[in-house]
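Reviewing the structure listed below.
The values are calculated or read from the model by the stated rules, or taken from the named source; none is laboratory data. Bear in mind that the values here come from a model prediction, so they are computed numbers and not experimental data. Cβ atoms come from the backbone with ideal geometry, glycine included; neighbour counts cover every protein chain shown. In case anyone asks, the SASA skips ligands and DNA or RNA and just uses the protein heavy atoms, side chains included. Shrake-Rupley method; radii C 1.70, N 1.55, O 1.52, S 1.80 Å.
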Amino acid sequence: MSATTDHPPLRTVPFRAPTARLSLKPVSPSPGRVELHGAWWPRSRDLTHELSALADVLDPLWGRITRIAVNPRHWPIIPRRIFVNGHVVKVDWFTSEQDPYKILLLSYTAGRWDLLVVPPEASAPSAARLMAAASASTGPPLTATALMAAVLDRVAGSRKPEA
């Protein structure tokens, strides 16, 4: 009697980048415009790589992302399009119309979504505070820049020595 020790052939498994660091507001039926729907903390300023990871996570949640808009102030290179889950996502940029700390995502099924962009160089505690504030369902709606200033001012104020 002989034993067969055939091993299945090795297969190549594509490298999977870490998923996007994301914090979203709970979906609520409340009427009115929401300034921010949550926050995104990219790992780098490589927008091509970072947008692909973000859209890859959001596609199943919000439906196919079709267009993304950013302000170029903090992004050295802006791709015209990225490929996500077998489809093309167009990337646009606006200077005066778009808050530099916000990213706009459009989906045919879910509509418009606005996310605070936490700078990649932010410390983990600062990023956590910003992400929690952007995804909180309480408080007045703030623009991305106003939220960044408010949270960072609170952090700086808490570090000041008492007189």
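Could you please let me know if Leu47 is at pLDDT 90 or above and either more than 23 Å from Asp153 (Cα to Cα) or surrounded by fewer than 12 Cβ atoms within 10 Å (Cβ to Cβ) (or both)? Yes, satisfied.
Selection of region 73-91 for residues being of a type outside the set (A, V, I, L, M, F, W, C) and touching a Pro at 6+ places or on another chain (Cβ under 7 Å) yields Arg73, His74.
Residues in region 58-72 that are modelled with pLDDT of 90 or more and either assigned to a helix (DSSP H, G or I) or in contact with a Pro (Cβ under 7 Å, 6 or more places away or on another chain) (or both): Asn71, Pro72. Of the residues Thr95, Thr145, which single one is at pLDDT 85 or above, part of a helix (DSSP H, G or I) and of a type in the set (S, T, N, Q)? Exactly one of Thr95, Thr145 is at pLDDT 85 or above, part of a helix (DSSP H, G or I) and of a type in the set (S, T, N, Q), namely Thr145.
Evaluation of Ile103 against the conditions (1) closer than 15 Å to Leu24 by Cβ; (2) open to solvent by less than 40 Å² (accessible area, probe 1.4 Å); (3) assigned to a loop (DSSP other than H, G, I, E, B) shows that the sole unmet condition is (3).
It is to be established whether one or more residues within region 117-132 are touching a helix residue (DSSP H, G or I) at 6+ places or on another chain (Cβ under 9 Å) and assigned to a strand (DSSP E or B). Checked region 117-132: at least one residue is touching a helix residue (DSSP H, G or I) at 6+ places or on another chain (Cβ under 9 Å) and assigned to a strand (DSSP E or B).
Filtering region 86-100 for residues that are under 16 Å from Ser23 (Cβ atoms), in contact (Cβ under 8 Å) with a residue 24 or more places away in the chain and surrounded by 11 or more Cβ atoms within 10 Å (Cβ to Cβ) leaves an empty set.
Take the residues of region 1-44 that are in contact with a Ser or Thr (Cβ under 7 Å, 6 or more places away or on another chain) and surrounded by 10 or more Cβ atoms within 10 Å (Cβ to Cβ): which is modelled with the highest pLDDT?
Step by step, filter region 1-44, then rank; the result is Ala39.
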